[in-house]
Amino acid sequence: MMLLLSAAFAFDPVLEELDDGAVDWTNLRLVVHATGGGVTGAMDNLEAAEGDAREKLEPSFQRLARAVRVDHSRLAGSLLDAGDAVADRLDSNLSLWEVFEARYLASGLVELDAALNLQSWLRPALVTFAHTPERPGAPGGASGLVVDARGLKLDCALAPEFFDAAGAHLFGIGDMTAYAASLHGPVVYVRDPADPTGAKRAGDTPLFVRPDSVRDGTDLVFGAGSAAEILAAEAGSDFLLHVKVVVVVGP
């Protein structure tokens, strides 16, 4: 059993470090850390220390969530500042964070780790960006797309775009159905193609391609051969429509 557990957690997620937290681009969540308490002699003050830490989490999520990169030109803060009904729902959804680990220290300090699921939080915006109608998928074909972007200087974003070398659009959140966008982010980022999170997303028979370069920090550009492979595979399947896309990043 221990060997199985070790194997399941052998892959490190792709993290973008922030003050007091990080964006976990593999599991699509914002993770925030907070510490409370510190009263001398304080084992009997742990409840108050935990309350102190929880009070620090809310403003930290409010601040750090604004820095989540949506695409090459927008951070989540711009969606929160839009002043529309979607912005109101995003602001309300910021309270959906949950504590997933607590550490009670002999010093009286309590350390809390909490996470906000980015899909749950940003769902009201994502479904407005996705506008491709549902269509029947062809039988067989590629089950998903694995993009090996290792070695490229890529900034992770929730909704990157893919282009061919001539600048023609290949894939983006607009190619998803609204239903798919309500369930999944457009891509997940992993460090290894064998990461179970990526393998589950891409399916058993994915197409593997490698981009030539990065555009605008977050978007990927493919040469003629890879672009043709993507288009041909999509014509025989529905993996882009249903966002079965994985991007592998790292040195």
Spacing of the two label points (7 Å from each Cα toward its C-beta) at A67 and T128, in nm: 2.5 nm
For the range 92-108, in order, what is each residue's ³J(HN,Hα) by Karplus, 6.51 cos²θ - 1.76 cosθ + 1.60 with θ = phi - 60°, in whole Hz (x at glycine and Pro)? 5, 5, 4, 7, 7, 5, 9, 6, 10, 8, 10, 10, 9, 9, 4, 6, x
Considering the options L122, S95, A67, tell which one lies farthest towards the positive end of the dipole of the range 7-128, charges being +1 on Lys and Arg and -1 on Asp and Glu at the Cβ, about the Cα centre. L122
For the chain, with a Gaussian network of springs between Cα atoms less than 10 Å apart, report the residue from R123, R69, R103 with the top mean-square fluctuation. R103
Counting DSSP beta bridges with both partners in the chain, what percentage is antiparallel, nearest 5? 70 percent
Within the under-13-Å Cβ sphere about T218, not counting T218, Lys/Arg +1 and Asp/Glu -1 give a net charge of -2
Alpha carbon convex hull of the range 110-251, projected area averaged over orientations, nm²: 9.6 nm²
Efficiency of FRET from Cβ geometry, A48 and D148, R₀ 51 Å, rounded to 0.05: 0.55
Where the eigenvalues come from the Cα gyration tensor of the chain, what are the semi-axes √(5λ) of the equivalent ellipsoid, largest first, in whole Å? 37, 21, 16
Can you pull the Rg over Rh of the range 63-116, Cα-only, Kirkwood? 1.17
How do 186-192, 109-115 rank on mean C-beta neighbours within 10 Å, highest first? 186-192, 109-115
For every helix of n ≥ 4 consecutive DSSP H residues, a contribution of -39,500 (n - 2.57) applies; sum these over the chain, divide by its total residues, and give [θ] at 222 nm rounded to the nearest 500 deg cm²/dmol. -9000 deg cm²/dmol
Averaged over all directions, how much area does the convex hull of the C-alpha atoms of the range 7-128 cover when projected, in nm²? 9.0 nm²
Linear extension gain, H169 paired with D155, 0.36 nm per residue minus alpha-carbon span: 3.1 nm
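A short reminder: the numbers here are calculations on the coordinates, not readings from a lab. Since the model is a prediction, treat every value here as computed from it, not as a measurement. Because the Cβ atoms are built from the backbone with ideal geometry, glycine has one as well, and the counts that use them run over all protein chains shown.
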